[in-house]
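Report on one structure; see the data block that follows.
The values are calculated or read from the model by the stated rules, or taken from the named source; none is laboratory data. Just so we're clear, the structure is a prediction, and the values are computed from it rather than from any experiment. Glycine gets a Cβ as well: all are built from the backbone with ideal geometry, and neighbour counts include every protein chain shown. Calculation scope for accessible area: heavy atoms of the full protein, side chains included, ligands and nucleic acids excluded. Shrake-Rupley method; radii C 1.70, N 1.55, O 1.52, S 1.80 Å.
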Amino acid sequence: GLVEQSRVMADAVRRSRYVVLLIGILFLTLVVTAVCEYRYMGVFSTARTDRQLAGLFGELYTWVSIFNLVVTLLVFNRLVARIGVRNTALIQPLAYLGVFLWFLLDDSLTPALLGFFAYQGLLVTVDYNNVNFLLNALPAENKKQVRTFIEGICEPLSTATAGIFLLFFAKALGPDKLALCGLLLAIVFLALVLFLRVEY
């Protein structure tokens with residue numbers, strides 16, 4: 001029941017810093033991803049017709065699908081075996097950090113392409129798979145309940161939070177300030193992952 005689920009979650013949060021950090025990281029991942037997607041979509045749609053935009057996305061999804069296939073089949077397991085789960089967790093925040101830094105320096109197609117591949121490539125093939133390892137390290141006595149909470153409540157809530165933020169503030173902030181917000185969020189994301197490395 002909801003009351004029992006809430007009690008288990010409160011107990012897990014109270015007893016484990018790892019649970020708190022993991023919830024924060026997974027929440028922030030989707031918020032930063034939404035800001036990144038909004039930025040690269042804005043760049044892609046500038047001065048392009050619907051047909052040109054469809055053609056661009058067709059090419060991009062073809063290349064990112066090839067990338068994802070290669071990484072999933074040949075790279076990911078070797079990457080985790082070589083550098084470990086804790087270091088693999090650093091890849092996504094560092095990728096977003098680089099994307100938003102580049103957006104601040106040059107609001108052009110290049111950082112938009114990097115943002116697209118950071119989301120549709122790295123997040124999908126590296127980070128999501130690595131999250132499964134991170135979730136396996138949850139305390140055994142309430143692992144199922146915490147995972148259910150994260151996937152059933154935390155993820156939709158983070159998407160809604162990002163959507164509300166973009167809906168009400170994106171146009172007022174403009175591209176540069178939105179890129180700065182993305183950069184600050186990516187820095188917090190990276191800091192949380194560094195703390196998580198200690199607790200893992």
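Summary table below
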| item | result |
| --- | --- |
| Dipole in debye (nearest 20) - the range 9-98, about Cα centre, beta carbon charges: Lys, Arg +1; Asp, Glu -1 | 380 |
| Cα long-axis angle, helix 17-45 against the chain (0 to 90 degrees, to the nearest 10) | 10 |
| For the range 25-75: span of alpha carbons on each principal axis (Å, largest first) | 36, 27, 10 |
| Mean Cβ count within 10 Å, highest first, over the residues of peptides 181-188, 132-139 | 181-188, 132-139 |
| Accessible area of PHE27 in the full protein assembly, 1.4 Å probe (Å², nearest 10) | 60 |
| Inverse of mean 1/r across different Cα pairs in the range 112-151, Kirkwood, Å | 11.4 |
| Cα gyration tensor shape of the range 37-132, rounded if a/c is under 1.5, else prolate or oblate by comparing a/b with b/c | oblate |
| Farthest positive-ward along the range 1-92 dipole, Cα basis, beta-carbon charges - from PHE27, TYR40, TYR61 | PHE27 |
| Carbon + sulfur, % of accessible area of the range 106-200 - ligands and nucleic acids excluded, 1.4 Å | 69 |
| Area projected by the alpha carbon convex hull of the chain, averaged over all directions, nm² | 12.5 |
| Cβ charges +1 (Lys, Arg) and -1 (Asp, Glu), total dipole of the chain, debye | 440 |
| Gyration tensor (alpha-carbon) shape descriptor, the range 4-93, a/c threshold 1.5 | oblate |
| Accessible surface, the range 32-179, averaged per residue in Å² (probe 1.4 Å) | 54 |
| Cα gyration tensor shape for the range 47-94, rounded if a/c is under 1.5, else prolate or oblate | oblate |
| Computed FRET value (nearest 0.05) for VAL3 with ILE83, which takes r as the C-beta separation and R₀ as 30 Å | 0.10 |
| Centre separation in Å (Cα based) which lies between the range 88-146 and the range 154-198 | 13 |
| Reachable aspartates and glutamates, given that their alpha-carbon falls under 18 Å from the alpha-carbon of LYS143 and they are not under 8 places away in the same chain | GLU4, ASP11, GLU151, GLU155, GLU199 |
